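Comments concern the structure below.
The values are calculated or read from the model by the stated rules, or taken from the named source; none is laboratory data. What you are looking at is a predicted structure, and each value in this text was computed from that prediction instead of being measured. FYI the Cβ positions are ideal-geometry reconstructions off the backbone, even for glycines, and counts take in every protein chain you see. We work out accessible area using only protein heavy atoms, side chains counted, and drop any ligands, DNA or RNA first. Shrake-Rupley method; radii C 1.70, N 1.55, O 1.52, S 1.80 Å.
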Amino acid sequence: MTKLIKVEVPDIGDFKDVSVIEVLVEPGDAVEKESPLITLETDKASMEVPSPQAGVIKELHVQVGDKVSQGALIAMLQAAHSTPDKAVDHVSASQDAPPPAPSEKQPASAQRAEMHAEVVVLGAGPGGYTAAFRVADLGKQVVLVERYSTLGGVCLNVGCIPSKALLHIAKVITEAEEIGQQGIVLGKPKIAIDKLRAWKDSVVGKLTKGLATLAKQRKVAVIQGVGHFISSHMIEVRTEQGVKTVSFDHCIIAAGSGAVRIPGFPHDDARMMDSTDALQLIDIPKRMLVIGGGIIGLEMATVYNALGSQISIVEQLDQLMPGADRDVVKPLHKHLLKRYEAIHLNTKVSKIDTEKKGLKVYFEGHDAPEPQTYDRILVAVGRRPNGKVIGAENAGIQVDERGFIPVDQQMRTNIPHIYAIGDIAGEPMLAHKATYEGKLAAEVIAGHKVAFDARTIPSVAYTDPEIAWMGLTETEANKRSIDYEKAVFPWAASGRALAMGRDEGFTKLLFDKHSRKLLGASIVGVQAGDLIAETVLALEMGADMQDIGLTIHPHPTLSETVFFSAEIAEGTITDLLLPKR
């Protein structure tokens, strides 16, 4: 005789009208005893409601977004090992099963997997390892999947860290050249490229070994391999030892992005490079073309130019670094014209021929040069999120046409127990955005009531001079018809900048015309990437120009330039003589 069991919301304490945030079954699904049916979320924690016994879901009476209380009907369950009948029992989900707890139970799919984790993190870049470590600290059992042999993802292994190590070397070389203007004449440096490469690798090694230790201390299980969804509760990881399957209650996707390739270019020629190739320092080419005038291309151009390469830049748009204001880019552009062979704006590469003596490049554009031959070409035209290469469709995860995974303010995808962070979750593609999002997703999984509420995400180009900006730019303000004012302090009036022989920069603050509150900031000059942090904090704290202008800054420092800009806004500056209003 078949029993049709009414599965109802069990005793959930004093909570009423609790949100259903996830429905884990459909009519026709076979479930085991204690398999989770739905997930509820209170203001204290999330909890799963398990099946009271094995059987088949015949009817489902809830959906995501419903509000339920104790006794509400969840589903009709046909008990296993019975024959059809009309008998109906009323069973609370807690009668034959333990009460739901804030930590989630294993899904039924866990029985088919080699491993099970409360949380799987796919990708161990800055966002991924931060998420894994934070959620482990909050008591969850974590598996971290990473394609590289060391943790850290693209950023630590072949991105942010090795590039900054080489940019430091570039800075030392160029400062040694420029100090001749102050009467200190040094000889031309000799580049021991193998030793330089080894030093760069040692910097990376120290950080990645540190991450491995932190993972071990937190008991985070690390699997090296390429992860791929096979269902909404399971991934497979292709490792050198074979395929491993891992089931999960929650998953955080931190799979990052990859370099964009331009169709039709001879990418199989070893002289064609992306940023990863460029960081290998295979050699120092005599002539090098960088396709793309964005941050990545300009940073690598800075390195190779300092090491001795003649650099040319080609950019399809009408300015370098299109995300920044034109006036902020101008000092950089002027500085680069003195050092580089050529900068071609409003120009694109139409064809590349591979020849024994080099790569012959053909250009298109209003002022396009004649065909040129280069020893190496770096293609740096952006990055593409990896949303389309992780088997997201097998889990029902929505991915847009560009490869981004849409998320809500808590980093949830359209599948409520799966989260996405970092590059794959939308622009800007920056490591510090990913780490913020990683902690957020971890805390949401642990039941914390948190959401993305950062007011700005700063951007930095580690060029020479550096460029940094945050909040509103003038370009955006004008497009959106925002009523703003600006205050600009020229570094030519900064004692510290003059003493460093680097007075080409300036600091610009945008503020609301009425409230006087800070709206945005842009800085161009040495160490701009460090200076921008003060303005980020000021924006987050809702500071106005008086708050910044009355804050005592140490003298003589470059940080004073932020203070001086605020004083200009307030009309109280004495280091410049302003025209009377």
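In percent, rounded to a whole number, the relative contact order of the range 148-268 is 19, using alpha-carbon pairs under 8 Å and six or more apart. Helix 193-217 and the longest principal axis of the Cα set of the chain meet at an angle near 30°. Taking Cβ atoms as reference points and 10 Å as the exclusive limit, the residues near LEU60 contribute a net charge of -2, counting Lys and Arg as +1 and Asp and Glu as -1.
For the range 452-492, the set of trypsin sites (Lys or Arg not before Pro) satisfying both a DSSP loop assignment and a count of at most 13 other C-beta atoms within 10 Å is given as ARG455, ARG480. Three principal axis extents of the range 272-381 based on alpha-carbon atoms, in descending order, are 41, 30, 23 Å. First check a/c for the range 207-266, with a ≥ b ≥ c the square roots of the eigenvalues of its C-alpha gyration tensor; if it is under 1.5, answer rounded, and if not, answer prolate when a/b is larger than b/c or oblate otherwise. Oblate shape, in that a/c is at least 1.5 and b/c is the bigger or equal ratio. Karplus-derived 3J(HN,Hα) values for the range 148-154, using 6.51 cos²θ - 1.76 cosθ + 1.60 with θ = phi - 60°, are 6, 6, 10, 6, x, x, 4 Hz; glycine and proline are entered as x.
Take the range 4-79 with all the other protein chains still there, run a 1.4 Å probe, and you get 44 Å² of accessible area per residue. Take the convex hull of the alpha carbons in the chain; its mean projected area over all directions comes to 33.0 nm².
Shown for the chain: cysteine residues without a partner Cβ closer than 4.7 Å, namely CYS251.
Counting only lysines at least 8 places from LYS449 when in the same chain, those with an alpha carbon closer than 19 Å to its own are LYS16, LYS44, LYS67, LYS140, LYS439. Can you check what the net charge comes to around ASP375, using other residues whose Cβ is under 13 Å from the Cβ of ASP375 (Lys, Arg +1; Asp, Glu -1)? Residues near ASP375 contribute +3 overall.
A cut-off under 11 angstrom between Cβ atoms defines the neighbours of ALA454, and their net charge, with Lys, Arg +1 and Asp, Glu -1, is -1.
Measure nothing fancy, just the Cα-based angle from helix 326-339's long axis to the longest principal axis of the chain, in degrees from 0 to 90, nearest 10. Between the helix axis and the principal axis of the chain, the angle is about 60 degrees. For the range 157-248, the equivalent ellipsoid derived from the Cα gyration tensor has semi-axes of 45, 13, 12 Å, listed largest first.
The value of relative contact order for the range 332-376, using C-alpha pairs under 8 Å at least six residues apart, is 30 percent.
Placing unit charges on the Cβ atoms only, positive for Lys and Arg and negative for Asp and Glu, gives the range 143-233 a dipole magnitude near 380 debye about its Cα centre. Taking every alpha-carbon pair under 8 Å whose residues sit at least 6 apart, the chain reaches a relative contact order of 12 percent. Over the residues of the chain, the helix contribution to mean residue ellipticity at 222 nm works out to -8000 deg cm²/dmol, using -39500 (n - 2.57) for each DSSP H run of at least 4. So what's the angle, to the nearest 10 degrees on a 0 to 90 scale, between helix 560-570 and the longest Cα principal axis of the chain? Roughly 90 degrees, rounded to the nearest 10.
Eigen-decomposition of the gyration tensor built on the alpha-carbon atoms of the range 501-581 gives equivalent ellipsoid semi-axes of 19, 16, 11 angstrom, largest listed first.
Close amide H partners of ILE252, meaning residues 5 or more places away or on another chain with modelled amide H under 5 Å apart, are VAL120, VAL121, LEU122, TYR419. Amide H contacts of ILE230: ILE235, GLU236, each under 5 Å away and 5 or more positions distant or on a separate chain (H built 1.01 Å from N in the peptide plane; Pro and chain starts excluded). Here the range 272-381 exposes an accessible surface that is 47 percent carbon and sulfur, computed with a 1.4 Å probe and the other protein chains kept in place. State log₁₀ I(q)/I(0) for the range 4-79 at q = 0.11, 0.16, 0.19, 0.23 Å⁻¹ as given by the Debye formula over alpha-carbon point scatterers of equal weight, solvent excluded. Each listed q maps to, in turn, -0.23, -0.49, -0.70, -1.01. Potential lengthening of the chain between SER481 and LYS360 amounts to 39.0 nm, from the contour at 0.36 nm per residue minus the alpha-carbon distance. Per residue, the solvent-accessible area of the range 459-570 (1.4 Å probe, heavy atoms of protein chains only, all protein chains present) comes to 41 Å². A simple rule links phi to the HN-Hα coupling: the Karplus curve 6.51 cos²θ - 1.76 cosθ + 1.60 with θ = phi - 60°, which for the range 511-526 gives 9, 5, 5, 9, 7, 6, 6, 5, 10, x, 8, 9, 9, 10, x, 4 Hz, with x for Gly and Pro. For ASP544, the residues whose amide H sits under 5 Å from its own are LEU518, ignoring neighbours fewer than 5 places away on the same chain, with H placed 1.01 Å from N.
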